[in-house]
Each structure stands twice: as structure tokens, then as C-alpha cells.
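Engineer: The structure under discussion is supplied below as C-alpha cells; questions concerning it will follow.
The values are calculated or read from the model by the stated rules, or taken from the named source; none is laboratory data. Quick caveat, the model's predicted, so the values are computed rather than measured. Positions of Cβ are generated from backbone atoms using ideal geometry, with glycine treated the same way; all protein chains shown enter the neighbour counts. Quick note on the areas: whole protein, heavy atoms, side chains included, nothing else; ligands and nucleic acids left out. Shrake-Rupley method; radii C 1.70, N 1.55, O 1.52, S 1.80 Å.
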Amino acid sequence: MPTTLTLTANPFVWYEVMTSDMKASEAFYTKVIGWTAKDAGMPQGGYTLFSTGATEVAGLMPISPDAAAMGVKPCWSGYIGVPDVDAYAQRVKAEGGVVHRPPEDIPGVGRFAVVADPQGAVFILFKGSGAPDQNPAAPGAPGTMGWHELHASDGSTAFAFYEKLFGWTKTRSMDMGPMGMYQIFSAGGADMGGMMTKVPEMPVPCWLYYFNVDAIDAAMARVTQHGGKVLMAPHQVPGGQWILQCLHPQGAMFALTAPKR
């Protein structure tokens, strides 16, 4: 997990999946995305690190009994790097968002807070407290993050919150017909993701995370072979990438992207 960050653009810096079955989820993602997995060695245990090559990409943790009692289901979350977690949590509230878990420390790792935007999409604020990652993977390498997508209750107004909070900027937009506009945004001058109005089938507003793979059809075969579910069949998007949206066997939604079919 990254512990020292360059925060001028407030980028996404880490990804984490909570699950009801640690062993089954670890087996699924290592086979489907090709990650290697190892125990994080935290004092309290129960946290697995996923890596591609020498680069740590994401974490896996169990849903706690308290969270399960509150109705939390398996899901992916993204961490956004900020210079001051406490100050940004206050800003989230001031701009109409919600703080679900107040700022607290992860010993030896950093400080975080679980928040949601005004329409309900959850994300995590994070500031690291250690040595920088010396093993960054090449952009677009299999197993790395490829795209961040916000499915909002109202895509036309969702961007204003993130623009004011993080300084993200709009780049280009695409008309998706009955589905409305797809707004691409950047952080620090690099396109990072898109925002749109969610389809009725998606129960709540959320962020969806796309991981890079070599080829989308082979990845789809691995998803179904290992017990996952395909939500949206592969299709090509502007720019030439192929995408696939899925559920892992315990129910967390994620997506894949590849340069070829």
C-alpha cells in the first residue's frame, strides 16, 4: 500500500475489495487478473496485498461483523490521496457529502476516512506516512488500474463536487443517447476516468474500477470459469479499448479493460 504520495492532483492511489470469503476472493482475482497475493503482515491480520510484478496494486479484507450487521456487502473502494485527511473530511461535509467513518490512523501506513459524495457514492480519503513506492508499474501494464468511472444518480451535476474538492478538470464529453452525457475528467493533466448517470439496474451511485488485462475475451472466459458473472458483454469504447463489467463470486462489482478483443 502506498505510504508517501504526490498529491498535487489528488489522484486515486489505492484500491481495496471487502469480501465475505477471503480465500475464495483471493483465488478468483489471482486467476482472473493475474495478481500475486501475500499477507500484509498487519498486527491485527486479515489483510492481503495484490501485486503485479513488484508493484502493489490493491488490498483484500474481510467484511467485519459490525459492517455485515449494518448491511455492508462485498464491494470495491478507491482511496484518493489528500494532504490532510481531517481537513478534507470536513470539506466533504461542507459540500454536502457524508463522513461514514471519521479520520483514523493505520499504524505505520497512514490516515484515512470513509466518505461519500452528495449523491451517495463512497470513496476513501488517504494520506500516507512512510517511504515512497520504489516499484511503479508501467502505465497500462496488465494488473494495474486502467480507468475510474462514477455512476451517479445525476451525472450532469456530479462533477461539481469533485471539481471543488480535488481540483479535477473536465476534458471531453461524449453523448451516449438515452444514457445521457459521459464526462471524462483529468487529474494533473492526465485523463483519469469518466462520470455518467447510472442505469436503473445499478442499485446505488458508486465508483466502478477498471483493471488492465491483455485481452478482453480471454479475461471474460476466466471470469466465468472461476465463478464470476458477466454484467455487460465486451464492447469497444472510443479510443479503441475493450471493456467488460463483472461481479466476482461473492458479489463485488468490478471491470476490466484491454487493448484488444
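Engineer: Once fully extended, how much extra length lies between A215 and A67, figured as 0.36 nm per residue of separation less the alpha-carbon to alpha-carbon distance?
Structural biologist: Values: separation 148, 0.36 × 148 = 53.28 nm, distance 3.58 nm.
So the chain would gain 49.7 nm between A215 and A67.
Engineer: To the nearest 20 Debye, how big is the dipole of the chain about its Cα centre, given +1 on the beta carbon of each Lys and Arg and -1 on that of each Asp and Glu? Intermediate results must be reported in sequence, preceding the final value.
Structural biologist: Values: 17 positive and 21 negative charges, 67 e Å.
I would put it at about 320 debye.
Engineer: Tell me which label goes with the value of mean projected area of the Cα convex hull in nm² computed from the coordinates here: [x] 14.7; [y] 13.0; [z] 16.5.
Structural biologist: The value matching this structure is [y].
Engineer: For a quick protection proxy, order the peptides 54-65, 31-42 by their average other-Cβ count within 10 Å, most packed first. Working shown, then result.
Structural biologist: Working: 54-65: 17.5, 31-42: 15.8.
Descending mean neighbour count gives 54-65, 31-42.
Engineer: Counting only protein heavy atoms, what percent of the accessible surface of the chain is carbon or sulfur at a 1.4 Å probe? Please list the in-between numbers first.
Structural biologist: Working: 6750 of 12070 Å².
About 56 percent, which is the carbon plus sulfur part of the accessible surface.
Engineer: Where a Cα-Cα gap under 17 Å defines reach, which aspartates and glutamates qualify for K260, not counting those fewer than 8 residues away within the same chain?
Structural biologist: In chain and number order, the partners are D214, D217.
Engineer: At a Cα cut-off below 22 Å, give the lysines reachable from K93, other chains included and same-chain residues fewer than 8 away excluded.
Structural biologist: Leaving aside lysines fewer than 8 places away in the same chain, those within reach of K93 are K127, K164.
Engineer: Run the quick spin-label model on S156 and S51: label points 7 Å from Cα toward the beta carbon, then report their separation in nm to one decimal.
Structural biologist: Those two pseudo-labels are separated by 4.8 nm.
Engineer: I'd like the FRET efficiency for H235 and K23, computed as 1/(1 + (r/R0)^6) with the beta carbon distance as r and R0 of 35 Å, rounded to 0.05.
Structural biologist: Numbers: r = 33 Å, r/R0 = 0.93.
Efficiency computed from Cβ-Cβ geometry: 0.60.
Engineer: Could you provide, to the nearest whole Å², the per residue accessible area of the chain with probe 1.4 Å?
Structural biologist: Values: 12070 Å² over 261 residues.
Heavy-atom SASA per residue in the chain reads 46 Å².
Engineer: Sort out for me the Cα centre separation of the range 59-84 from the range 122-186, rounded to whole Å.
Structural biologist: Answer, in whole Å: 19.
Engineer: Just to confirm a number: summing +1 for Lys and Arg and -1 for Asp and Glu over residues other than Q183 whose beta-carbon lies under 13 angstrom from that of Q183, what do you get?
Structural biologist: Values: positive: K170, R172; negative: E149, D154, E163, D175, D191.
For residues surrounding Q183, the net value is -3.
Engineer: Among 10-21, 87-98, how do they line up from the highest to the lowest mean number of other beta-carbon atoms within 10 Å?
Structural biologist: Values: 10-21: 20.2, 87-98: 15.3.
Ranking, from highest mean packing down: 10-21, 87-98.
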